[in-house]
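Worksheet: the structure to be examined is printed underneath.
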C-alpha cells in the first residue's frame with residue numbers, strides 16, 4: 001500500500017504510529033473527522049479510554065465512516081482501543097455502546113497488562129513466524145460473546161482488517177514485520 | 001508476561017545527565033542518539049525524565065525528535081501539570097506519562113487525566129530516601145523530605161488509577177552499588193503484583209535479579225550502569241534470560 005491515513009484521535013499516541021509508517025516509506029496523513037477515508041490503509045491508533053474514544057467518534061459522526069471502511073475491500077488496522085471499539089459494548093469509563101462490528105465486549109482485566117507478551121499469529125496472515133512477542137498496554141480486553149475462549153483476543157485478522165490489542169508501532173522488529181506481512185496480505 | 005529492563009534518560013536543561021543521590025549532575029550523552037541506540041538494541045522500554053526547571057515546549061520538541069527513531073515504548077515525566085500538557089505529550093510519540101509531584105499535589109486532576117487516557121498510560125513516580133528504619137518521600141518542588149508509610153502511599157497511588165509506580169531509592173541512585181532490596185517487603189501485598197518499577201543503584205547486571213524476583217516488580221530502571229560501565233543492554237538481557245524468561249530478540 002502506498003497511502004496511509006491515521007485517524008487523529010485526540011487521545012492516541014499518534015506520533016508513534018505516524019513515524020512507523022513514515023519509516024516504512026508510506027505516504028502518511030493525519031485524518032481529521034471531515035477528511036475522506038480513501039487511503040490504501042486506514043489506521044485507528046491506540047491509547048485513550050473506550051468511553052471517551054466512542055464519545056469522540058460519535059460527536060464527530062465517525063461511526064458510520066469507520067464501519068463502512070471495515071466492511072469494504074480496503075485495509076483497516078485497529079490498534080488497542082482501535083480494536084476494542086469494534087465490540088458491541090465496552091465498560092471502560094462506564095458502560096458504552098461500541099461500533100458493534102464484532103460479536104465481542106470489552107471488559108476489565110484482573111490486572112493491568114503492561115509489558116511484552118507472546119502472541120500466536122493467525123495463519124491467514126501467512127507470516128514466516130507462528131508466534132512473536134509484542135508490547136501490550138491495556139487494562140481492558142476484548143472477549144468474544146461465545147464464551148468458548150476465556151482469554152481476551154490479542155489479534156484478529158479477517159479479509160482486509162487487522163485488529164491488535166498490542167501496539168505494533170512499539171513492538172520493535174516484531175511490530176515492523178507484522179505490518180509488512182499485513183501490507184502484503 | 002516478561003520482566004522488563006528499562007533504560008532511563010534524565011534531561012536537565014535539555015541535556016542528558018546523570019547524578020548520584022539526586023545530586024552532582026554531569027552531562028552524560030546525547031539523548032537522541034542514546035535513545036535510538038537503545039531502540040536498535042531492543043530495550044523493553046525507555047523512561048525519560050526531566051528534572052529541574054522544565055521548559056515543556058522545548059522538551060516536547062526533543063521528544064518529537066527522540067521518538068522518531070524509537071520503536072520501543074517511551075514513558076515521559078517532568079513538568080506535566082495539566083490535561084493540556086498530556087494532550088501535547090501524546091502527540092510527540094510518547095506512549096505513557098509519568099506523574100510525580102502532581103500525583104500528591106492534585107490527585108483529583110490526575111484522576112481526570114487518567115479517565116481521558118486510561119490507567120495503562122499513567123505511571124506514578126515516587127522518590128524515597130531511607131534512614132534508621134524510616135522512609136521519607138522527597139518532594140522535588142519544595143526540596144523537602146516527609147516521612148511516609150511506603151506501602152500505604154503506593155496503595156493510594158494505585159487507587160488514584162495509576163497502572164504502575166516507579167519507586168526510586170535516592171540512597172542508591174547513581175551509586176551502582178546495588179538496589180534497595182530491603183524495601184521490597186513493603187510490596188508484599190498482592191495488590192502490588194506487577195505494579196512496581198524499581199529504580200536506583202544498578203551497577204552490574206546481577207543487581208536486577210533480586211528485585212525482578214519479587215512478585216510486585218514488573219521491571220527495573222537502569223541509569224548510570226549503561227553509560228559509565230562496560231555493561232551493555234545485552235549483558236542485562238543475558239541475566240534476564242538466565243534467571244527469568246527473555247522475550248525473543250532479533251539478531252541485528
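Computed values, structure above
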read-out: Filter pass, residue A:81 being crowded, with 23+ Cβ neighbours inside 10 Å, under 13 Å from the mean Cα position of the chain (by Cα) and within 16 Å of residue A:176 (Cα to Cα); value: no
read-out: Qualifying residues in segment B:19-28 (those that are on the phi > 0 side of the Ramachandran plot and within 18 Å of the chain's Cα centre (by Cα)) - the one modelled with the lowest pLDDT; value: B:21
read-out: Filter result for residue B:155 (over 21 Å from residue B:51 (Cα atoms), away from every other protein chain (no Cβ under 14 Å), surrounded by fewer than 22 Cβ atoms within 10 Å (Cβ to Cβ) and out of contact with any strand residue (DSSP E or B) (no Cβ under 6 Å at 6 or more places or on another chain)); value: yes
read-out: Segment B:64-96 - residue that is assigned to a loop (DSSP other than H, G, I, E, B) and farther than 19 Å from residue B:39 by Cβ and, of those, nearest to the other protein chains (Cβ to nearest Cβ); value: B:91
read-out: Qualifying positions in segment A:46-85 - modelled with pLDDT of 95 or more, in a loop (DSSP other than H, G, I, E, B) and within 14 Å of another protein chain (Cβ to nearest Cβ); value: A:80, A:85
read-out: Close pairs from segment A:100-118: first on the phi > 0 side of the Ramachandran plot, partner crowded, with 17+ Cβ neighbours inside 10 Å and not in a strand (DSSP E or B), Cβ under 7 Å, at least 6 apart; value: A:115/B:2
read-out: Selection count where residues are more than 14 Å from every other protein chain (Cβ to nearest Cβ) and either on the phi > 0 side of the Ramachandran plot or in a loop (DSSP other than H, G, I, E, B) (or both), scope segment B:216-252; value: 6
read-out: Members of segment B:57-88 that are out of contact with any strand residue (DSSP E or B) (no Cβ under 9 Å at 6 or more places or on another chain) and surrounded by 21 or more Cβ atoms within 10 Å (Cβ to Cβ); value: B:71
read-out: Out of B:16, B:35, sole residue that is within 13 Å of chain A (Cβ to nearest Cβ), in contact with a helix residue (DSSP H, G or I) (Cβ under 7 Å, 6 or more places away or on another chain), crowded, with 18+ Cβ neighbours inside 10 Å and at negative phi; value: B:35
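Okay, residues lined up against (1) away from every other protein chain (no Cβ under 14 Å); (2) touching a strand residue (DSSP E or B) at 6+ places or on another chain (Cβ under 9 Å); (3) part of a strand (DSSP E or B):
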residue	(1), (2), (3)
A:87	yes, yes, no
A:92	no, yes, no
A:113	no, yes, yes
A:118	no, yes, yes
A:129	no, no, no
A:136	no, yes, yes
A:151	no, yes, no
A:157	yes, yes, yes
A:162	yes, yes, yes
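The values are calculated or read from the model by the stated rules, or taken from the named source; none is laboratory data. Bear in mind that the values here come from a model prediction, so they are computed numbers and not experimental data. Cβ coordinates were reconstructed from backbone atoms using ideal geometry, including for glycine residues, and neighbour counts include every protein chain displayed.
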